[in-house]
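All remarks here apply to the structure that follows.
Quick note: the coordinates plus some simple rules give every number you see, no bench work behind them. All of these numbers come straight from a predicted model, not from anything done at the bench. Cβ placement follows ideal geometry from the backbone for every residue including glycine, while neighbour counts extend to all protein chains displayed.
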Amino acid sequence: MATKDKELTFLFIGDIVARPGRQVVKELLPKLKEDLSIDVVIANVENLAGGKGITNSTIYEMMSAGVDLFTGGNHIFFQEESQELLNDESLNIIRPANYSEDTPGRGFLFYEHNGVKILLINIEGQAAMNNSVDNPFTKVDDIQLEYAKEADITIVDFHAELTSEKRAMGYFLDGVVTACIGTHTHVPTADAQILPRGTFYVTDAGMTGNIDSVLGVKKEIIIDRFTSPIPKRFIWEYDGEKALNSILFKTDQSGKVVEFRRIDQLIA
Ligand SMILES: [Fe+2]
Ligand SMILES: [Fe+2]
């Protein structure tokens, strides 16, 4: 019997922030996809539209640029259209799975590419995040116990603030999932690695957007927030240099990650 060929090339794009982030993806992704023969593109889109949430037009913009699967995080519901988009199962968009059961949308999805079944799970951290979510470790364990046997490849986007919680999640899932990739901090980390039991792990994919900023927001506003008691609204930075922060990883015939590298590129 012929075995299924699970050899695939994935690109995971860190939080795409507002118009500058979308501009980077539109300018760089089509060529990267072709040059590097990328099969599946996953992007975190919690900051896609106006810096918070998703809209119809911004999701379709990213789909036509070549993004196949979308993950979320604590900012995903900030636009009115977010709920409807997350409820539309024909679109491959998920939000963290450890939100309460009555939350619109779903926390994981199955996607097939060349007969290979990919399970994508989005989960949110508890530590230093401002909302209450179910325990991410037990939740991801429940999902993978119930559904991972149906999948050839399982990828987790762990949307969390603390590096310690993220590294702990990596080891918790080591040997259980194909890849565990962190998002949310908007700062790319240099620790992409294959863990001892074979899971590909990186603490944070980073941010795709304006880098002359504090995590995408005008730096003066954030400095003010740290130096003055008077609250200021976030204004996203639109001028200046923009970066793509992403991770490329390849699976072999058995579905294990055998090769990976960061792909970080700048545009004016
Ligand atoms: Fe984000
Ligand atoms: Fe976030």
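Can you spot the lysines whose alpha carbon is less than 25 Å from K6's alpha carbon? Ignore those fewer than 8 places along the same chain.
K31, K33, K117, K149, K250, K256
In debye, nearest 20: dipole of the chain around its Cα centre with unit charges on the Cβ of K, R (+) and D, E (-)?
On the way: 26 positive and 40 negative charges, 106 e Å.
It comes to approximately 500 debye.
Quick check on the exposure proxy: order V187, V217, V140, V133 from fewest to most C-beta atoms within 10 angstrom. Spell out each step's value before the answer.
Details: V187 14, V217 23, V140 26, V133 20.
Fewest-to-most Cβ neighbours within 10 Å comes out as V187, V133, V217, V140.
Which ordering of D157, D88, D102 is given by a fewest-first count of other beta-carbon atoms within 10 Å?
Details: D157 29, D88 13, D102 5.
Listing D157, D88, D102 from fewest to most nearby Cβ atoms yields D102, D88, D157.
Determine, for F172, F226, F77, F12, the number of other Cβ atoms within 10 Å of each Cβ, and report the residues in order from fewest to most. Don't skip to the end; give the middle numbers.
Numbers: F172 16, F226 7, F77 19, F12 26.
Going from least to most buried by this count: F226, F172, F77, F12.
Compute the signed sum of charges (Lys and Arg +1, Asp and Glu -1) over the other residues within less than 15 Å, Cβ to Cβ, of C180. The partial results should precede the final answer.
Values: positive: K139, K166, R167, R197, K256; negative: E124, D141, D157, E165, D174, D191, D204.
That sum, taken over residues with Cβ under 15 Å, equals -2.
Which aspartates and glutamates does K26 reach when only Cα atoms under 12 Å apart count, and residues fewer than 8 places away in its own chain are ignored?
E61
Just to be sure I understand: of the beta bridges DSSP finds with both ends in the stretch 1-158, what percent are antiparallel, rounded to 5?
On the way: 6 of 20 bridges.
Bridges in the stretch 1-158 that DSSP calls antiparallel: roughly 30 percent.
Can you give me the Cα centroid spacing of the stretch 132-182 and the stretch 194-268 in angstrom?
Going from one Cα centre to the other spans 20 Å.
Springs between alpha-carbon pairs under 10 angstrom, Gaussian network model over the chain: which of P104, P196, P231 fluctuates most?
Of P104, P196, P231, the most mobile in the Gaussian network model is P231.
Using unit Cβ charges (K, R positive; D, E negative) and no other charged atoms, how large, in debye to the nearest 20, is the dipole of the stretch 108-168 about its Cα centre? The partial results should precede the final answer.
Numbers: 5 positive and 11 negative charges, 29 e Å.
Charge dipole, the stretch 108-168, about its Cα centre: 140 debye, nearest 20.
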